[in-house]
Structure formats: structure tokens, C-alpha cells
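Trainee: Quick one: this structure, given as C-alpha cells, is what I'll be asking you about.
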Amino acid sequence: MYSVLLLCGGLAGVTTVLFGFGGGFVVVPLLYTLLISVHGPDSGIGQAAMHIAVATSTALMAFAASLSTWHHHLRQTVQWHLVRPLVGYIAMGAVLGAAAAVSLSGEWVRWAFIGYLGITIADAVLRPGFLHQSGSDVRPMGRGVTAMTGTLIGAVAALLGVGGSVMTVPLMRRRGASMTSATAMANPLSLPMAVSGTATYVLLSANHPAVGAWYAGYVDLRALLVLAVGSWLGIRLASTWIGRIHDRLHARVYLLLLTMVLVVMVFVH
């Protein structure tokens, strides 16, 4: 199990630094599948598998997004003047999203995850502006739009444990950002969600009877450690490719990865 988690963490690191995913789209389906296969669907951990996968993924994001943000900052790909206004609103939204996830059934969260993936993929393919860069400068948002957008990003990302990339990358892409710039901004924007969301998961699920030693609430600490080591290796390996992938190819691979995760979550349960 742990060798699979190490590879999973490495893949999460690669997708974090190059696509801004924060690891959620890799970690959630794979950890969910591993927990079900190891403990069985009817065990306490099996019944809480989706909650554990989402909470552990959210905790991993705090590490992976921090490290990826540093690598992007060194390469000057993060447009901090666009990132800073969203941070506080994303943190507030993350508390709401994590609290909602804890109170909902794991199956509901799983189908919400699947539904959101499907909507995101369809929107990127059918609506103009994602597959082709629309401009050289990113258009800023007004204060009210920033507040609403940031809160929504934080709530949805923490609810599903996926990081902000699934919303921030399409958002920045349609406002004129290159894929390198859009994914670079997704990493620091995942940080407030990851920190607030993890704290909320730990506090609200600390006494859950289905989990015990080596768990902080729903966060699987042993799995988190192995995932973090793998993620560190993946980020170090992939950081050399920052800014070197052709823009259109970058966008197409982003959508391909989302589609692969969607298929896994639909058929593995």
C-alpha cells in the first residue's frame, strides 16, 4: 500500500507544480480506492473512506502547494498582485466547504466530486477561451467579483478536496493568462484553502469512531507522510519543466488529466 502511495505522491507533486492541482485529483481517487480495497467497504474506515481521502488530500496540499509556490516564485511566474486579493476570501470559503463535507455522507461527496469534474471538463471544451490563450495580460476582477469568486473557490475546493486549480486555472485562463501563469497562481491560491480546510477537518472529526491511532480526525497521518515524501520528489523532478510546455499542449493535457480522474471516480467504488 505504501509503495503505491509513494508513487501517488510523486504523481501528485508533478501535477501540482505543472498543473496547479494540489494533488487532490490524484490523491482522492487513489487513496479512496486503496482504503476500500485494504479495509473493505463495510468496515468503519471503509465507510469513511471518502472523507479520509478528501481530508488527507487537503492536508497534503498545504505541503505540495507551498513547495510548488516557491519553485514558481523563483522562476517569476506568479502574478502576486492578482493572487493577494483572493487569499482571504478563499480561506473563509474553505472553512464553509470543509464543515459541509464533514456533515455529508461520503457517497454524496463522491458524486459531488464526479459532477464537478464533468461540469469543468464540459465548460472548458464547449466554451471558448480555455484551449487558446486570449491575451498577453490577465484582466483583473472587481472587488465584489473577487469576494464572491474567492469564497466559492474555497468552499468547493475544500468540500471536494481538490485544491483551487479546477476553478482558478479556467478562471485565469479566460481572463487572458497563459497556462504557465494560470497554474502558477493556482498553487498559492490553494494554500489558504488547504490550511483552513485541514484545520476544520481535524477539529470537526476528531472524535469520529471509525478512525483511531495515526489519524488526526479524518487525516491519515501515515499515508500523509508517505504522500508528502513522494510529492517532494515529484515536484523536484517536474520543476525543471516550468514554462517549457507549449501553451496549447499544456491546456490539452490539463483536460486529459481531469478526464482520467473522472473515469476512475465513476467506475471505482
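Trainee: For the Cα atoms of the chain, what angle does the longest principal axis make with the long axis of helix 80-103, in degrees from 0 to 90, nearest 10?
Mentor: Once rounded, the angle reads 20 degrees.
Trainee: By the scheme Lys and Arg +1, Asp and Glu -1, what is the net charge of all other residues having a beta-carbon under 14 Å from that of VAL253?
Mentor: +3
Trainee: Give, as a single signed number, the net charge of other residues whose beta carbon lies under 9 Å from the beta carbon of MET179, with Lys and Arg counted +1 and Asp and Glu -1.
Mentor: +1
Trainee: For ALA216, enumerate residues with amide H under 5 Å from its amide H, sequence gap 5+ or separate chain, H modeled in the peptide plane.
Mentor: Placed amide hydrogens put LEU221 under 5 Å from ALA216.
Trainee: Another one. Let me spell out the model: positive unit charges on the Cβ of Lys and Arg, negative unit charges on the Cβ of Asp and Glu, origin at the Cα centre of the range 1-267. What dipole size does that give, in debye rounded to 20?
Mentor: 780 debye
Trainee: Averaged per residue, what accessible surface does the range 153-197 expose to a 1.4 Å probe, in Å²?
Mentor: Value for the range 153-197: 13 Å² per residue.
Trainee: Compute the distance in nm between two label points, each set 7 Å from the Cα along the Cα-to-Cβ direction, one at LEU237 and one at ALA122.
Mentor: 3.5 nm
Trainee: Around PHE130, under 9 Å between beta carbons, what's the net of Lys plus Arg minus Asp minus Glu among the other residues?
Mentor: Result for the local shell: +2.
Trainee: May I pose another question? Which angle between 0 and 90 degrees, to the nearest 10, do you get for helix 106-126 versus the longest principal axis of the chain when only C-alpha atoms count?
Mentor: That helix lies at roughly 20 degrees to the long axis.
Trainee: Next up: So what is the relative contact order for the range 1-267, in percent, with contacts set as C-alpha pairs under 8 Å and at least six apart?
Mentor: Averaging sequence separation for qualifying contacts and normalising by length gives 37 percent for the range 1-267.
Trainee: Restricted to Cα positions, what overall size does the chain have along the principal axes? Three whole-Å values, descending.
Mentor: Principal axes ranked by extent give 52, 38, 34 Å for the Cα atoms.
Trainee: How much accessible area does VAL125 have with a 1.4 Å probe, in Å² rounded to the nearest 10?
Mentor: About 90 Å², rounded to the nearest 10.
Trainee: From the helices alone, meaning DSSP H stretches of at least four residues, give me the mean residue ellipticity at 222 nm for the chain, per-run term -39500 (n - 2.57), in deg cm²/dmol to the nearest 500.
Mentor: -25500 deg cm²/dmol
Trainee: Could I ask something else about it? Please determine, in degrees from 0 to 90 and to the nearest 10, the orientation of helix 165-174 with respect to the longest principal axis defined by the Cα atoms of the chain, where the helix direction is its Cα long axis.
Mentor: For 165-174 against the chain, the angle is about 10 degrees.
Trainee: Quick one: pull the percent of accessible area on the chain belonging to carbon and sulfur, 1.4 Å probe, ligands and nucleic acids left out.
Mentor: 69 percent
Trainee: Follow-up. Relative contact order (percent) for the range 1-159, with alpha-carbon contacts under 8 angstrom and 6 or more residues of separation?
Mentor: Contact order relative to length: 26 percent.
Trainee: Also, quick follow-up: Give the value in nm², to one decimal: projected area of the alpha carbon convex hull of the range 149-205, averaged over all directions.
Mentor: With the hull built on Cα positions only, its mean projection is 3.6 nm².
The values are calculated or read from the model by the stated rules, or taken from the named source; none is laboratory data. None of the values given here were measured: they were computed from a predicted structure. With ideal geometry, Cβ positions are generated from the backbone for all residues, glycine too; neighbour counts draw on all protein chains shown. Just so you know, the surface numbers come from the protein's heavy atoms only, side chains and all, with ligands and any DNA or RNA stripped out. Shrake-Rupley method; radii C 1.70, N 1.55, O 1.52, S 1.80 Å.
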